[in-house]
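Worksheet for the structure shown next.
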Amino acid sequence: MRTRLAPSPTGALHLGNARTFLINWAIARQRGWRIVLRIEDLDTPRVKPGAVDGIVRTLEALGLDWDEGPLIQSHDLEPYRDAMRRLAESGMAYVSPESRGQIEDLAASAPQEGVHESVFPAALRPARMDSQFYEGGEFNWRFATPDEEVVFIDGFAGPQAIRPSRSIGDFVVWTKRQQPSYQLAVVIDDARQGVTHVVRGNDLLDSAARQLLLMRALGLEPRPEYFHLPLVRGEDGKRLAKRHGDTRVESYLGRGVPAERLIALLARWSGVPGVLERMTAGEFCRAFELSRLSSEDVVFSAADDRWLLEGRRG
Ligand code: GLU
């Protein structure tokens, strides 16, 4: 059994990412899954210099560890090219004309809530598809999404029935920047790293269906079990982001807030009972129970921020 921590170095870890990683790590340690670290740095325009080191240092400062990796996606694109060759040969991917440029930029990244994704209809597929994958042009390659419902049981969110042909249509698998898209890279890496359990934010629930279709098209195994967890939001109900102030874990650490204070807040947000002032990752792991995790999103409030800062080392 194997899971992965898969941060994108598009910015520093904030409290929302930290909660998901902490829970993923704790479940893995409780159940004896191996943990692989993977740096998802293919979304190059959004990758921030220094973010990889910052994320690794922050995970370590919180007391998380892993057994393998990091695998850094950008270091070797050959496994993704190989997948593209297979998709093209089997008529499941095709060159998509530049004229749909408006929606292309979004396609490289992991989808985020609030970012509108256009449906790309099968009707726009070319009459004749190339059976050879090639690179170099200013165009994307899309997956010819089969029109079917994908059914799976999410280990946290329950039974799912998602029809990607309706929610997204033909999605990008290789971008005009000559890189695999998030969706393609994830399935290749989950398979080659032997990932059996995926724990992540529920903004990626819809993507799971796309990923299952891609895995089947490529004959990849194992089919992972998914756990899509609620997100952390600001008081305005929006997903935690810059507008909610500086909620980066490294900023709190830099201001003297101990990791144990941060974990105590994440624990309170994760259904761990008791009055918690400070907690280590190890203590969190012993106390956390997935069945007590609320399916409601968490709200990060100004009071939480004050509470963290009150815990600064004197
Ligand atoms: N790298 C993605 C993110 O940070 C997570 C992808 C995944 O877990 O599949 O949003």
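Annotations
- All positions within the range 1-49 that are more than 10 Å from the ligand (Cβ to nearest atom), of a type in the set (Gly, Ala, Ser) and in contact (Cβ under 8 Å) with a residue 60 or more places away in the chain: Ala12, Gly16, Ala18, Ala26, Ala28
- Just one residue in the set Arg268, Arg278 is open to solvent by 30 Å² or more (accessible area, probe 1.4 Å) and either aromatic (Phe, Trp, Tyr) or more than 13 Å from Ile23 (Cα to Cα) (or both); that residue is Arg278.
- From Val257, Val275, residue being within 21 Å of Ile55 (Cβ to Cβ) and in a loop (DSSP other than H, G, I, E, B): Val257
- Matching strands (runs of 3 or more DSSP E) fully within the range 127-244 where at least 3 residues are more than 13 Å from the ligand (Cβ to nearest atom) and open to solvent by less than 10 Å² (accessible area, probe 1.4 Å): 140-143, 172-174
- Number of the condition not met by Glu113 [criteria: (1) touching a helix residue (DSSP H, G or I) at 6+ places or on another chain (Cβ under 8 Å); (2) at pLDDT below 95; (3) farther than 19 Å from Arg200 by Cβ]: (3)
- Meets criteria (more than 13 Å from the ligand (Cβ to nearest atom), of a type in the set (Ser, Thr, Tyr) and modelled with pLDDT of 95 or more) for Thr247: no
- The set of residues in the range 286-304 being surrounded by fewer than 17 Cβ atoms within 10 Å (Cβ to Cβ) and touching a Gly at 6+ places or on another chain (Cβ under 8 Å) consists of Glu289, Arg292, Ser294, Val299.
- So Thr58, is it of a type in the set (Val, Ile, Thr), in contact with a His (Cβ under 6 Å, 6 or more places away or on another chain), at pLDDT 95 or above and within 16 Å of the ligand (Cβ to nearest atom): no
The values are calculated or read from the model by the stated rules, or taken from the named source; none is laboratory data. These figures come from a predicted structure and were not determined experimentally. Here Cβ is always computed from backbone atoms with ideal geometry, including for glycine, and neighbour counts include all displayed protein chains. Keep in mind that these areas ignore ligands, DNA and RNA; they rest on the heavy atoms of the full protein, side chains included. Shrake-Rupley method; radii C 1.70, N 1.55, O 1.52, S 1.80 Å.
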